[in-house]
Each structure stands twice: as structure tokens, then as C-alpha cells.
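Worksheet: one structure, shown below.
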Amino acid sequence: MIKYSFLFIFLLLLSSGCTKNSDRKQGTNSAPEKPNIILIYADDLGYGDVGAYGATQIKTPNLDKLANGGVRFTNGYATSATCTPSRYAILTGTYPWRNADAKILPGTAPLIIDTAQMTIPKLLKEKGYHTGVVGKWHLGLGSGEMNWNVRVSPGPNEVGFDYGYIMAATQDRVPTVYLENGRVVNLDPNDPIEVSYDKNFPGEPTGKDNPELLKMKWHHGHNNSIVNGIPRIGYMKGGKKAQWVDEEMADHFLEKAQQYVKKQKDKPFFLYYALQQPHVPRTPSPRFVGSSGMGPRGDVIVEADWCVGELIKTLEAEGLMDNTLIILSSDNGPVLNDGYYDDAEEKIGSHKPAGKLRGGKYSLFDAGTRLPFITYWKGKIKPGVSDALVCQIDLLASLAALVGSNAKTVDSENLLDTFLGKSTVGRQELILEATSRTALRKGDWAMIPPYKGPARNNEVKIELGNSSDYQLYNLKNDPGQTSNLAKTEPEKLKEMIDTYQKIRGA
Ligand code: NG6
Ligand code: CA
């Protein structure tokens, strides 16, 4: 009898589904593991901005430590050359060109992830994870008319995140406030927030009309409401107490990320830590001003690197390094002048933000989407460099495989072994997207169909990839995409066009 009640209690414990850190499987059998997962996502960090990827002028010791102690991917891609579509794709495992709303969004845009859609946090939550997002969101909030003075939903909490501490859109867009689980932080009910992307509120100064109030000057766009002396995109009134201090944003998000880790450490957790650097406006903490010798853009990269180092220190202090998988990448390629005069061009020196690649943010050339991409898991991932073709869109199926979930999407490929450094096999092909235009990467080749429109955006000074002819490049021999082989390799071109049309359903 006693024997049976022991068995009963044992079975009860087994079925209780409690997945405390101490209960996690250590991979000694085929049961899935449940490491903590931290996805660190930088904003506009280029292929060449990281030491481990060849930068010598900017020092990124903490990113390098992850890159050199984990797998450093040389063919790691975002789906897109701008933020919203890449963020949509990484969280949903779905190509952004399948969703017409997945474009750079204003701060008032509704949520573009369907609340019924599969997402990484959702699948992890189903497997017992606590899930959190800290940092830049830019996937829209609410479902139409926005009222910032009540709880804003749907948002992160409705697509799988138990906890959210975010900025709604970008640092250069209003509203310039933080939201915690849908509520504006420090909102004074007597000073309600109003936001418009159409017209100014009477009597409110703007970057266009009140240059005397500016501490940072706008170059293109960015001449609407002024917050903290910085002119923004969009108009905002009220919410004075809730407005963020730009120079404190990095510390603020870091602190929230650290608090999250400390609070959730006894359960497997997923933290999506979406850094705001080095997107404009570049506002390093005073501690980092001058740290790169390259002006604010370099300084905020040094700052972002420091933030990553501090988060790792927290993981170490909490004894979590051995069971935490860290994934680091960026949402799109680099840009120097993205709308403010901040010396990014003037002080660039010999630094190459895109490394050996052509183009940058907004571009269909490789620098738009090929980015630093690192996986790190102390004691689990053998350090190495992988040339496998991998995309952020593959994280959904791969993390599902890691935790024993059968969640999947049409576009996400299970490359778990590749991400863990156990295989060198990547995906065969990948559709790349830049401001609604698409191209194909397949094997060593990239094919860009003809597009109307300027070859170069002269404001940001980036080649966009538009041409009246097909473009075909062999990235292995010619990573800088200097030699268009469309005419000399007609068979390869045809094969690429066929594959492209098959995937795009054209
Ligand atoms: C552009 C902004 C740019 C940046 C970008 C979004 C202008 C002229 N330019 O429209 O500064 O905010 O949108 O960047 O307004 S992203 O990384 O979030 O995609
Ligand atoms: Ca971005």
C-alpha cells in the first residue's frame, strides 16, 4: 500500500508540469531541454559594426565574447532591410511580404500580428516558459483609434508575452513614452496624451518652426513635435511626466531586462531584449559620449555592447549562464544619416558599418539584411564560425524543436542543429525584402528582379538595389556585389527567377 502511495505521489509530481530550473532536463535522454532563451535584437546594427565581424575602430568586447564563444554566422539574415517587417518575421516565423501591413509603422498604427497567429513567445509559453519583451516594439498597438490614456491593447500581452516593457514604435517617433503591459508608465491623468501623425496640436512647437528649441538638428523628416530638444516624427501633446529621457533609455531598458531575469530565474524564461541602438536619434548616456571617437553612432554601439555585458553579468551572478541560450542579431542593416545631423558621416573614419557588403538599411543589396547573427550557450554550443544560410525567420521552428513543441509555420525552417553548432546545413533559399521589394538568395547566389525607382536614396546615401535589369551576383566570389552576372550566367539567372516565382507565388 505504502509503495503505491509513493508511486502515486511520484506520478503526481511528474504530471504537475512544474518546470523549475532545477527540474530541467540536462539532455541525458531524448526529452526536450528547457533552457532560458534570450533574444537580443539590435536596431540598425550592421554586419561590419561588430569586432568579431571585422570592426577594428569600434570596440565591442561583449558582443565579441558571445560571437567567439558561440556560433558566429557569416550568412545570417533578417528577412527585411527595415525594422517592422523583420520584427514581424522573427516573432511569427512568417515572411513579412505575406502581410501587407508589415511596413515601417507610425506610432499610432494598429497591431499587425494577428492575435490568433503563432509566435515564439506563444509556443514557449505553451511549454511552460515565462515570456517577456523589453525594448523597442514597432509592431503596432491596439486595433484602430488609439487612446493612450487607457490600457492599450492588443499588444505584446495579446501575442504571447506575459510581460512587456516597451516603447511603442521607434525612438524618433511619438509617443515618446514607455508602456508597461499596455499602460503608459508615469502617466498623469491630469495631463493626457494626444498623438497625431496628420497635424500638429495648436500652439505646440515643432522642429520645423522652432529651430531655436532644438539640441539635435533634423536633416530630413523628423521636424514635427519636439521632445527633450529632439524633433520627432509625428505630433504629441501632454504626457509630460511620462516622457522618456533619451540619454537614460539604454540604462532604463537594461534595468528592466535585469529585473525580469532576476524575477523569472526559477522558471524557464524567454526574454526578447530589443535594444534601441544604434537607431536615430543617437543619444548615448553621458558615460559613453566620446567613447568611440566616432560621434554618437559609434558611442551608442559601445553603449549597446556594454548593456549586453551587464546583462551577461546578471546571468552570471544568478548562476544562469549554463542553462541560457543567447541569440543576438539586428533587425536591418546600417545607415549613417537617417534624418538627423549627428556626425555619423563626418566621423566615420575608416570604419565600415556594412563590412564588405554592398548597400545598407532600405537596400535589397546584401547589407540591408545580412547581419551579425550569433548563438551562444555556455558549455552546450561549441565555438565556431558557420557559413550556413540562416534567417531569423527560422528561429520559430528551431526553438519549437528545442523545447519539444510542434508549432510551425510555412516559412520557418527547423535549423536547430545548425543554430546549436552541430550541423553546417542551412536553408536552401531565402526571400529578402526591402521596403516592399523582394529578391532571392539561393546557395551562393543573389538575384534582384528589376525595379523602378531611384538606384540610390540620396538622403541616406544608400544604394537601394533598383535597376531596370535583372541583377545576379555570386556572393561567395563577390560579396561586395560588384559584378552583375545576369547576362553571362543566363541559366543560373533562369533557375533563380523560377525559384523566386515559385516561392512568391507569382
Ligand atoms: C524612416 C525614417 C527613419 C527611420 C525609419 C524607420 C524619415 C525621413 N526617416 O521613415 O529615420 O525612423 O523610418 O527605421 O522619417 S526602422 O529601423 O524602425 O525601420
Ligand atoms: Ca531598424
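For this structure, a couple of remarks:
- Mean-position separation - Cα centroids, the range 136-176 and the range 342-389, in angstrom: 28 Å
- Proximity of backbone amide H atoms, modeled 1.01 Å from N, is registered between Leu415 and Ser398 at under 5 Å, excluding neighbours fewer than 5 places apart on the same chain.
- Projected-area mean, the chain, by convex hull of Cα positions, square nanometres: 25.7 nm²
- If R0 is taken as 56 Å, the Cβ-Cβ distance between Val385 and Glu204 corresponds to a FRET efficiency of 0.60.
- Extension gain, Lys494 back to Glu310 (0.36 nm per residue minus Cα-Cα distance, nm): 61.3 nm
- Highest average packing first - 351-358, 419-426, 123-130, Cβ atoms within 10 Å: 351-358, 123-130, 419-426
- Ranked by how many other beta carbons lie within 10 Å on average, peptides 83-92, 462-471 from highest: 83-92, 462-471
- The chain: calculated mean residue ellipticity at 222 nm from DSSP helix runs of at least 4, using -39500 (n - 2.57): -6500 deg cm²/dmol
- For the range 323-454: relative contact order, % (alpha-carbon pairs under 8 angstrom, 6 or more apart): 20 percent
- In nm, spacing of pseudo-spin labels at Ala116 and Lys476 (7 Å Cα→C-beta vector): 4.4 nm
- Extending 7 Å from the Cα toward the beta-carbon at both Asp188 and Glu248 defines two label points whose distance is 1.5 nm.
- Backbone amide hydrogens, once placed in the peptide plane, bring Ile37 within less than 5 Å of Phe269, Phe270, Leu271, Leu325, excluding anything fewer than 5 places away on its chain.
- Percent of alpha-carbon pairs separated by more than 22 Å within the range 347-472: 46 percent
- Expressed as a whole percent, the accessible surface of the range 383-422 that belongs to carbon and sulfur atoms is 47, based on a 1.4 Å probe.
- Point-to-point label distance, Ser483-Ser436, nm (Cα→Cβ direction, 7 Å offset): 3.6 nm
- Partners for Lys502 among lysines (Cα-Cα distance below 26 Å; same-chain residues under 8 apart left out): Lys103, Lys408, Lys442, Lys452, Lys476, Lys487, Lys492, Lys494
- Ordered by solvent-accessible area of protein heavy atoms (1.4 Å probe), largest first, the residues Met496, Met146 come out as Met146, Met496.
- Mean separation of Cα contacts under 8 Å, 6 or more apart, over the residue count of the range 387-455: relative contact order %: 25 percent
- Rg of the Cα atoms in the range 55-117, relative to 2.2 N^0.38 Å, amounts to 1.49.
- As a rough guide to protection, the peptides 153-163, 42-52 ranked by mean Cβ packing within 10 Å, highest first, stand as 42-52, 153-163.
- If R0 is 51 Å, the Cβ-Cβ spacing of Gln428 and Asn458 corresponds to a FRET efficiency of close to 0.90.
- Estimated at 0.36 nm per residue, the fully extended path between Ile503 and Lys408 surpasses their Cα-Cα distance by 32.4 nm.
- Amide H contacts of His279: Asp43, each under 5 Å away and 5 or more positions distant or on a separate chain (H built 1.01 Å from N in the peptide plane; Pro and chain starts excluded).
- In the range 281-360, Cα pairs under 8 Å separated by at least six residues give a relative contact order of 31 percent.
- Of the DSSP H helices in the chain, those whose Cα atoms cover at least 18 Å axially and whose Kyte score averages 0.5 or more: 2-15
- Residue list for the range 284-314, given a label point 7 angstrom along the Cα-to-Cβ vector of Asp343 and an amide N cut-off under 18 Å: 284-304
- Taking 19 Å as the limit for the C-alpha separation, the pairs Lys125/Lys263; Lys217/Lys356; Lys217/Lys347 exceed it in the case of Lys217/Lys356.
The values are calculated or read from the model by the stated rules, or taken from the named source; none is laboratory data. Keep in mind it's a predicted model, so treat the numbers as computed, not measured. Positions of Cβ are backbone-derived with ideal geometry, glycine not excepted, and every protein chain shown enters the neighbour counts. Ligands, DNA and RNA are stripped out before the accessible areas are found, and what is left, the full protein with its side chains, is counted by its heavy atoms. Shrake-Rupley method; radii C 1.70, N 1.55, O 1.52, S 1.80 Å.
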